[in-house]
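To start, the structure under review is shown below, and the notes come after it.
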Amino acid sequence: MTNDRVNILIVDDIPDKLLSLQAVLEGLGQNIVTAGSGREALRKLTEQDFAVILLDVNMPDMDGFETAALIRQRKKFAHIPIIFITAYADEMHAARGYSLGAVDYILSPVVPDVLRTKVGVFVDLHRKTLEVERMAEERIALAREQALRAAAEEASRRQAFLARASNALVGSLELETTQRDLLRVVVPELADVAGVTLVDEPEAPWRSELAWVAPPDPTVHTCTLEGDEAPHDELRAALDQALASGRAQVLEGLDVEYPPPVCREKDAGPGPRLHAALILPLLARGRTLGALTLAVGPSGRRYDAADLTLAEDLAGRAAISLDNARLYRNIRESDQRKNEFLSMLAHELRNPLAPIRNAVHILKMQAAADPRVEWASSIIDRQVQHIVRMVDDLLDVARITRGKIQLQLGTVDIATVVARAVETSRPLIDERKHELTITLPADPIWVKGDAARLAQVLTNLLNNAAKYTEEGGRIWLTAERSGGDAVLRVRDSGVGIPRELLPSVFDLFTQGNRSLDRSQGGLGIGLTLVRRLVELHGGNVRAVSEGLGKGSEFIVRLPALPLPAVPEGAGPSTAECLSGNGSSCRVLLVEDNADAAESLAALLRLMGHEVDVVYDGASALKTATDFQPDAVLLDIGLPGMDGYETGRRLRKLPGLEKTLLIAVTGYGQPDDRQRSQEAGFDHHLIKPVDLGTLRQLLAAHGRLSRQHLNAASS
């Protein structure tokens, strides 16, 4: 930089003097610029920077003093050294020149060496000034670059921190897990101590999750505070203020011991001290969910504006994640309550259905029945079956939504599934006078599935077609193989499905044509069960309709087994109806519902069995000792001692070790069956009890008892 040439301005109206001065100064090796007047000099100043100005005093139009005055008026030129050159040696001229800011006053003719020396001093001074300015600019630029780099690094660090925090916050929808993950991110990066406080209602006791480190130990400790366990100090007051106002609270100059005594080990001494804290409300959907507390102690850090901005950003993200977790928890609890309600509803509905069905069976078993009684009992029987199907659908929806359905998989012939479904749906189809056309392929189609559940799928589709088709309509059921799939189609000539309803026709509680007369009936859950059961079999189902009045078609696709494979043990699956012509049994019936008890007892007596009835567990234990029953039909939902406990005690009575113990209940969940099995029951029947199943169980037990007697006598 020291080798750069600088500019020297010479101002004189006489060309010869300009040439002589230029010649004198050329030895300095700088750029010599000349001007013949003051005005020209001013113009040159606007175009270039000069180290020094040599200014003639005596010039026409604008003399040197006037030119100097104009130069000094401009801020940019105010500090350029001016050397006056003149032939006048009086003190007044010299004084005037110095008053205008001249640095020197040289008489003409000049002494070349003197002029060069003086001008050279100002040239060197100008060079040094430029060098200082350049160095200052470089330092400023460097400082600015370092500041920008530091700011970029800090911004990158903060963004990386927020990214880690976001990843941690979306890792789970469990509320407690989300709180813990948030604290793991915060401690120790943002705080020595952090707390998440959540409140459900303004008046409810609040609960805090704490995490902290005690440097130099890097271990993160955790603790839970509830209600009165919370510290009653400045932090608590600030926390209450943040929750009440929804605004961040900044605390400086604290002297609070942490963690609170309740969180420390019993023999631990006093903990470190906190000196600053940020308390930020967690706001989501216009509500204050709680607060995030960040506090520092031994680390010595201080919270500044940037920390507050970062913490507020974090609190906003945390509030959204915690709100989502809370919503998920509420939905899950609501869903659980709904499923529990459905299970309880189904159980309570089954209790009155049991005596109704028993009474119908009694009427049908009367030899000389009045035709009107037979007609009435048939109607009651059909309607009871319809209600039972709806109750079963309710339970199936509850099971499926909770993932409780367990398929009994086996090799199933589609023709068998069709036969079962048609047999179940035939009464409704015939009642509505529909024409059913069934088309099956010549070769069997095998699938891997649960025969009962697949029959339920087709039954629901056939019932749906029958309900939504005017009397005297047509229903088509076809089965075929298409590529690697078994395809089942149920088509009807009924009311059809509006185009806007097609996308949601399989959704829970969706029904078309919700008229006031409710002529079709149903709960709107049959198609939901169809879709869920088909999907559990690895298949899919879709609905097709051209619109209202144009009928509808439901197409089920299931993975088919290979054609050449002849399934092992495959054979006719038609259920055999066992007559149960065994010997008479002594049956103890334990049921707190009097109608259900008396009606079932009457049925059993008509079947030739000896029956005794009691209404609670204690009476059952007393009666069983004297009666010594061959079989006990035991309700689970008994008052006082429930059926499980009664069954366990019956098993311990002398002589009842081999007694047939059958649970008769409205509870049919898998865990209910498991509990009855653990209590010693041989079978678990659901109300209303199927008469054929009960007859079969009693007959089989009678045959087994005779075999034991014969073996003992021989």
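The values are calculated or read from the model by the stated rules, or taken from the named source; none is laboratory data. None of the values given here were measured: they were computed from a predicted structure. In this analysis, Cβ positions are derived from the backbone assuming ideal geometry, glycine residues included, and neighbour counts consider all displayed protein chains. Side chains are part of the model used for accessible areas, which takes the heavy atoms of the whole protein and leaves out ligands, DNA and RNA. Shrake-Rupley method; radii C 1.70, N 1.55, O 1.52, S 1.80 Å.
Assorted remarks:
- No other residue among Ala242, Ala230 is surrounded by 18 or more Cβ atoms within 10 Å (Cβ to Cβ), over 26 Å from Glu333 (Cα atoms), modelled with pLDDT of 80 or more and within 32 Å of the chain's Cα centre (by Cα) apart from Ala242.
- Scanning the stretch 14-32 for residues that are of a type outside the set (A, V, I, L, M, F, W, C) and either closer than 15 Å to Ile53 by Cβ or not in a loop (DSSP other than H, G, I, E, B) (or both) yields Pro15, Asp16, Lys17, Ser20, Gln22, Glu26, Gly27, Gln30, Asn31.
- Among the residues making up the stretch 156-183, those that are within 19 Å of Asn324 (Cα to Cα), open to solvent by 80 Å² or more (accessible area, probe 1.4 Å) and either outside any helix (DSSP H, G or I) or among the basic types (Lys, Arg) (or both) are Arg164, Val170, Leu173, Arg180.
- The stretch 593-611: number of residues that are within 21 Å of Pro352 (Cα to Cα) and among the acidic types (Asp, Glu): 2
- Any chance Ala359 is assigned to a helix (DSSP H, G or I), under 24 Å from Asn463 (Cβ atoms) and either of a type in the set (A, V, I, L, M, F, W, C) or modelled with pLDDT of 70 or more (or both): no
- Considering residues of the stretch 513-551 that are open to solvent by 90 Å² or more (accessible area, probe 1.4 Å) and in a loop (DSSP other than H, G, I, E, B) only, the residue modelled with the lowest pLDDT: Leu516
- Of all residues in the stretch 418-463 being part of a loop (DSSP other than H, G, I, E, B) and under 25 Å from Asp381 (Cα atoms), the one that is most open to solvent (accessible area, probe 1.4 Å): Lys433
- Among the residues of the stretch 1-46, not one is without any contact (Cβ under 8 Å) to a residue 24 or more places away in the chain, within 29 Å of Met135 (Cα to Cα) and open to solvent by less than 70 Å² (accessible area, probe 1.4 Å).
- When Val110 is tested against the conditions (1) in a helix (DSSP H, G or I); (2) surrounded by 13 or more Cβ atoms within 10 Å (Cβ to Cβ), the lone failure is (1).
- Each residue in the stretch 60-74 was checked for being touching a residue at least 40 places away in the same chain (Cβ under 8 Å) and either surrounded by fewer than 22 Cβ atoms within 10 Å (Cβ to Cβ) or assigned to a strand (DSSP E or B) (or both), and 1 pass.
- Criterion (of a type in the set (A, V, I, L, M), modelled with pLDDT of 85 or more and exposed (fewer than 14 other Cβ atoms within 10 Å of the Cβ)) met by exactly one of Val132, Val119, Val123: Val132
For (1) out of contact with any helix residue (DSSP H, G or I) (no Cβ under 7 Å at 6 or more places or on another chain); (2) within 28 Å of Gly666 (Cβ to Cβ); (3) acidic (Asp, Glu); (4) modelled with pLDDT of 85 or more, each residue gets a yes or a no:
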| position | (1), (2), (3), (4) |
| --- | --- |
| Glu553 | yes, no, yes, yes |
| Gly580 | no, yes, no, no |
| Gln628 | yes, no, no, yes |
| Leu634 | no, yes, no, yes |
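- Condition met for Gly496 (modelled with pLDDT of 80 or more, in contact with a helix residue (DSSP H, G or I) (Cβ under 9 Å, 6 or more places away or on another chain), on the phi > 0 side of the Ramachandran plot and small (Gly, Ala, Ser)): no
- Annotation: Ile331 fulfils all but one of (1) of a type in the set (Val, Ile, Thr); (2) open to solvent by 60 Å² or more (accessible area, probe 1.4 Å); (3) in contact with a Ser or Thr (Cβ under 6 Å, 6 or more places away or on another chain); the unmet one is (3).
- Pairs linking a residue in the stretch 468-485 that is closer than 19 Å to Pro444 by Cα to a residue that is open to solvent by 50 Å² or more (accessible area, probe 1.4 Å) and among the β-branched types (Val, Ile, Thr), with Cβ atoms under 7 Å and 6 or more positions apart or on different chains, are Leu477/Ile438; Thr478/Thr439.
- Any hit, the stretch 464-485, residues being part of a helix (DSSP H, G or I), within 17 Å of Val422 (Cα to Cα) and open to solvent by less than 20 Å² (accessible area, probe 1.4 Å): yes
- Hits in the stretch 93-124 - residues which are among the hydrophobic types (A, V, I, L, M, F, W, C) and touching a residue at least 12 places away in the same chain (Cβ under 8 Å): Leu100, Ala102, Val103, Ile106, Leu107, Val110, Leu115, Val119, Phe122, Val123
- The stretch 375-417, residues that are modelled with pLDDT of 80 or more, assigned to a helix (DSSP H, G or I) and not hydrophobic (A, V, I, L, M, F, W, C): Thr416
- Qualifying position, being of a type in the set (Gly, Ala, Ser), open to solvent by less than 80 Å² (accessible area, probe 1.4 Å), at pLDDT 80 or above and touching a strand residue (DSSP E or B) at 6+ places or on another chain (Cβ under 8 Å), among Ala594, Ala560: Ala560
- Any chance Asp49 is in contact with a Gly (Cβ under 8 Å, 6 or more places away or on another chain) and in contact (Cβ under 8 Å) with a residue 24 or more places away in the chain: no
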